[in-house]
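This report refers to the structure that appears directly beneath it.
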Amino acid sequence: MPRFKDLPFNSRPDLTPYLLHMTKNTNAKDEFSAFDNLVHILETGIIWGTGREGYVKGPNKAACFMDVPFASLKYVLTPEAADPQNPRYEPYGVVVTKRSAYRKGARPVLYLSDPEVRTLGIPPEEIWRVVKLQTNRDEWISWLHEREWRCKGRFKLPSEVHAVLVKNSKDAARLAAKIGKNPKGFKCRPRSIIPLTVILQGLLK
């Protein structure tokens, strides 16, 4: 049986050993920007689960991640998805390894139609695992491109993570200054801060 480090992450560009939790602004609720929410996650060391407002059905909330290689983020963080007025996610996030996320209960979601959920008898308390994949003639409901993983409830981060993602080098300097000024105020500290405009050679306009 192969070990985690033996899996083919280096032989295929569509595979990655990491999961990404991307943040967005929540100005309508608490006046936090996407950057503020990233800082809050690092200060508390917790990614809080989301419910129906995050398209998680059922009685349980879940913390959500994307299984997307860094090089593909440019095409995920489109102007439509990252629209500050109505964002789905913005170019700020936390990077965790699949190995550590799996140990904490994170799993790939189940992409199923409503009839399949009923046929398989998935109980209400496990519906947090399901993302709808359904077609009606030419109309599709599909979020397969997000390659989503979820963890039931909240996700507790380790004291250190490999990296966090920010939009640009200015944000990287700002976050580094915050952590340097008060390191004890951060329950989770990143080993690196990666500006996406640098690693992706810009973002889509």
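Contact annotation: residue pairs with Cβ atoms under 9 Å, 6 or more positions apart or on different chains, pairing a residue in the range 1-16 that is under 9 Å from PRO69 (Cβ atoms) with a partner that is loosely packed, with under 10 Cβ neighbours inside 10 Å, are LEU15/PRO8.
Consider LEU73 against the criteria (1) under 20 Å from ASP36 (Cα atoms); (2) buried (at least 16 other Cβ atoms within 10 Å of the Cβ): it satisfies all of them except one. Which criterion is unmet? Going through the list (1) under 20 Å from ASP36 (Cα atoms); (2) buried (at least 16 other Cβ atoms within 10 Å of the Cβ), LEU73 breaks only (1). Considered as a group, the residues in the range 13-48 that are under 11 Å from the mean Cα position of the chain (by Cα) and not hydroxyl-bearing (Ser, Thr, Tyr) include one that is modelled with the lowest pLDDT, and that residue is LYS24.
Screening LYS74 with (1) in a loop (DSSP other than H, G, I, E, B); (2) of a type in the set (D, E, K, R); (3) closer than 30 Å to GLN201 by Cα gives one miss only, at (1). Filtering the range 85-132 to residues that are farther than 29 Å from LYS29 by Cβ, of a type outside the set (Ser, Thr, Tyr), in a loop (DSSP other than H, G, I, E, B) and in contact with a Lys or Arg (Cβ under 9 Å, 6 or more places away or on another chain) leaves only ILE122.
Within the range 45-74, residues that are under 17 Å from ARG88 (Cα atoms) have Cβ atoms under 7 Å from residues that are charged (D, E, K, R) and in a helix (DSSP H, G or I) in these pairs: MET66/GLU146, counting only partners at least 6 apart in sequence or on another chain.
The set of residues in the range 135-178 that are surrounded by fewer than 15 Cβ atoms within 10 Å (Cβ to Cβ), part of a strand (DSSP E or B) and not aliphatic (A, V, I, L, M) comprises THR135, ASN136, GLU139, TRP140, LYS156, GLU160. Summed over the range 18-40, residues that are surrounded by 15 or more Cβ atoms within 10 Å (Cβ to Cβ) and either in a loop (DSSP other than H, G, I, E, B) or among the β-branched types (Val, Ile, Thr) (or both) total 7.
Exactly one condition in (1) surrounded by fewer than 17 Cβ atoms within 10 Å (Cβ to Cβ); (2) within 17 Å of TYR18 (Cβ to Cβ); (3) under 13 Å from the mean Cα position of the chain (by Cα) is not met by ARG88; state its number. Looking at each condition in turn, ARG88 falls short on (2). Within the range 73-129, the set of residues being among the aromatic types (Phe, Trp, Tyr) and modelled with pLDDT of 95 or more comprises TYR92, TYR102, TYR111, TRP128. Evaluate the range 181-196: report whether one residue or more is closer than 28 Å to ARG99 by Cβ, under 20 Å from the mean Cα position of the chain (by Cα), surrounded by fewer than 15 Cβ atoms within 10 Å (Cβ to Cβ) and in contact (Cβ under 8 Å) with a residue 24 or more places away in the chain. Looking through the range 181-196, at least one residue is closer than 28 Å to ARG99 by Cβ, under 20 Å from the mean Cα position of the chain (by Cα), surrounded by fewer than 15 Cβ atoms within 10 Å (Cβ to Cβ) and in contact (Cβ under 8 Å) with a residue 24 or more places away in the chain.
Tell me, which residue of the range 41-70 that is of a type in the set (A, V, I, L, M) and under 30 Å from ARG12 (Cα atoms) is surrounded by the most Cβ atoms within 10 Å (Cβ to Cβ)? That would be ALA62.
The values are calculated or read from the model by the stated rules, or taken from the named source; none is laboratory data. The structure displayed is predicted, hence computed values, not measured ones. Every residue, glycine among them, receives a Cβ derived from its backbone with ideal geometry; neighbour counts consider all protein chains shown.
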